[in-house]
Amino acid sequence: MENLNLIANKSTDRIAEIFYGRTIFISGATGFVGKALLEKLLRITQVKRIYVLIRNKKGKSANDRLQNLFTNVLFETVLSVKPSCTKKCTAINGDVNEVDLGISPAYRQTLINEVNFIFHCAASTRFDDSMRTAFVLNVRGTKYMLDLAEQCKHLMLFVHISTAYAFHLEAKTLEKEYKSAINPHDILKDLNCLDGSFGKKDVSELSGDLIYLRRLLQKVPNSYTFSKSLAETLVYEKVGKIPIIICRPAIVIPSYEDPFPGWFNNLQGPMGLFVAAGKGVMRSIYMDCKTSANLCPIDSTVGSIMMFSWHYLTTKNSPYIFNLCVPQTDIRVTWEEILEAGKDVIKTKVPFNGILWYPGGTMTKNRLYDQFNFVCFQLIPALLIDFLLFLLGYKPLLYKVQMRIRKGGDMFEYFTTKNWSFETTNLETVREKLTDHERKSYMVKVEKIDMKKYLTQCMLACRRNYLKETDDTLPAAKRNMKIMFCLDRIVKIGFFVFLAYYMFKIFKFLL
């Protein structure tokens, strides 16, 4: 089969062909990766049906939420060429947090009888989630998805979306299984060991295994990556029992060009920090700006997941673990280069409306200096402005904004204070088997990236789709940026003149 694939017609999309007439089940379709995967499958494949696991929320049914999903700007392209494609999608009311995914017996039987592909994208990606919350969703939820997969009568492949950052103790993350420090099944038997009270219990009340667990939990960097590493342990157990692959994406960023440049899901990731800095409310970030940044656009991420699925199903003895990271031979860029390019774009090409101050600030790996900058240039100004708002009868808001920004910066710290290294042998090997048409369609290899052009597209998409700032306000935003630049320089010059004057007075007095 592999030889036939290699001599395929250059215009043939062999990846799309494996999904022809198939039934797919997706968890996490409201998230970043799941939503983009759903759109890509609808746009370039001829699937028979897509079942989407989605829970009722805030008075909206699962079906209402699915229909609302299709109003996202991401789906405009596919709906313009396939207006009826959404009829292929069926909402399955359920929740990865619940026992057996919270799926009704009737729907569960439907999935067992019909599903060919399962894409498990659902995950809690919040670094500040409690260990219990992260474990229930990321580990127990994965177990229930695997249990369902084992029952499916026509399963062709189970795709588990993990993360490249799950193994923080490794100097280089290889494309292999990593043994977990603890057995996740032991925790599944008693989730109470993850409650907040667990860490406060006297050692005499705990068994040897629980003492070890508590010590381990005190050392893990965050609940997200720890729980994802344990989830992989559960997946390893099913290798050989069901067809399965593991995809480990690096930091997923806005789309490079497919279906349009700059799309992202929300402001909780790197784009949120760009907006905070661009609005002038973020003045300091703790990072080692000289470390390399491994960033994978969402269109490349989804394209690679589909490519790996194709390779596993069409190649004998295919690997099943793939680090979905940008090879260093493709592009090597530091955080400093990215942030400097972003600042230039925001200041000169795509400024935001209603900025609080001229964008600037520091990137530092000195934690004390970062704390000083945060207090002086973010926290104190926020409190002063909130106090004025309170006196004027308005609701204070900047303090809460600053706390959210700080939390986002703390999350980002995990990725930016260490030089991460990832093996990408499998990705590089598989993509060489594709035709030029397939490589372009699935965005698995980009020869050269103009960082400023890419970030310009991202900022424009952010203005239009999330900040609701129309393009006709750009000239006014640029004028306002120039005014803020002048004001920023006047204040800084005035401060140093004032400081010099009083230093001179003190010096003169001492003489």
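For segment 91-109, a residue qualifies if it is out of contact with any Ser or Thr (no Cβ under 9 Å at 6 or more places or on another chain) and of a type in the set (Val, Ile, Thr), and the qualifying residues are 99, 103. Of the helices (runs of 4 or more DSSP H) that lie entirely inside segment 1-76, those containing 1 or more residues that are of a type in the set (Phe, Trp, Tyr) and either at pLDDT below 95 or touching a strand residue (DSSP E or B) at 6+ places or on another chain (Cβ under 8 Å) (or both) span 32-44. Under the condition of being of a type in the set (Ser, Thr, Tyr), closer than 22 Å to residue 141 by Cα and crowded, with 19+ Cβ neighbours inside 10 Å, the residues counted in segment 41-97 number 1. Of the strands (runs of 3 or more DSSP E) contained entirely in segment 270-339, those carrying at least 1 residues that are closer than 28 Å to residue 356 by Cα and modelled with pLDDT under 95 fall at 284-286. Restricting attention to segment 133-151, the residues that are surrounded by fewer than 18 Cβ atoms within 10 Å (Cβ to Cβ) and either more than 23 Å from residue 241 (Cβ to Cβ) or modelled with pLDDT under 95 (or both) add up to 1. In segment 429-486, which residues are part of a helix (DSSP H, G or I) and among the basic types (Lys, Arg)? Scanning segment 429-486 gives 431, 439, 440, 452, 453, 463, 464, 478, 479, 482. For segment 231-243, the condition of being crowded, with 21+ Cβ neighbours inside 10 Å, modelled with pLDDT of 90 or more, touching a strand residue (DSSP E or B) at 6+ places or on another chain (Cβ under 6 Å) and of a type outside the set (S, T, N, Q) holds for at least one residue.
Tell me the residue from 457, 402 that is over 19 Å from residue 297 (Cα atoms), surrounded by 16 or more Cβ atoms within 10 Å (Cβ to Cβ) and not charged (D, E, K, R), please. Show your work before the answer.
Numbers: 457 fails: over 19 Å from residue 297 (Cα atoms).
Only one candidate passes the filter, namely 402.
The residue pairs whose first member lies in segment 259-282 and is farther than 20 Å from residue 337 by Cβ and touching a residue at least 40 places away in the same chain (Cβ under 8 Å), whose second member is in a loop (DSSP other than H, G, I, E, B) and of a type in the set (Ser, Thr, Tyr), and whose beta carbons are closer than 7 Å, counting only pairs six or more residues apart or on different chains, are 263/255; 267/466; 280/358. Scan segment 366-388 for residues that are touching a Ser or Thr at 6+ places or on another chain (Cβ under 9 Å) and surrounded by 15 or more Cβ atoms within 10 Å (Cβ to Cβ) and the total you get is 5.
For (1) of a type in the set (Gly, Ala, Ser); (2) modelled with pLDDT of 90 or more; (3) out of contact with any Gly (no Cβ under 7 Å at 6 or more places or on another chain), each residue gets a yes or a no:
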{"position": "344", "(1), (2), (3)": "no, yes, yes"}
{"position": "358", "(1), (2), (3)": "no, yes, no"}
{"position": "366", "(1), (2), (3)": "no, yes, yes"}
{"position": "369", "(1), (2), (3)": "no, yes, yes"}
{"position": "375", "(1), (2), (3)": "no, yes, yes"}
{"position": "391", "(1), (2), (3)": "no, yes, yes"}
{"position": "403", "(1), (2), (3)": "no, yes, yes"}
{"position": "416", "(1), (2), (3)": "no, no, yes"}
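One residue stands out among those in segment 297-312 that are among the small types (Gly, Ala, Ser) and touching a strand residue (DSSP E or B) at 6+ places or on another chain (Cβ under 7 Å): the one that is surrounded by the most Cβ atoms within 10 Å (Cβ to Cβ), which is 304.
The values are calculated or read from the model by the stated rules, or taken from the named source; none is laboratory data. As the structure is a prediction and not an experimental result, all values here were calculated from the model. Because the Cβ atoms are built from the backbone with ideal geometry, glycine has one as well, and the counts that use them run over all protein chains shown.
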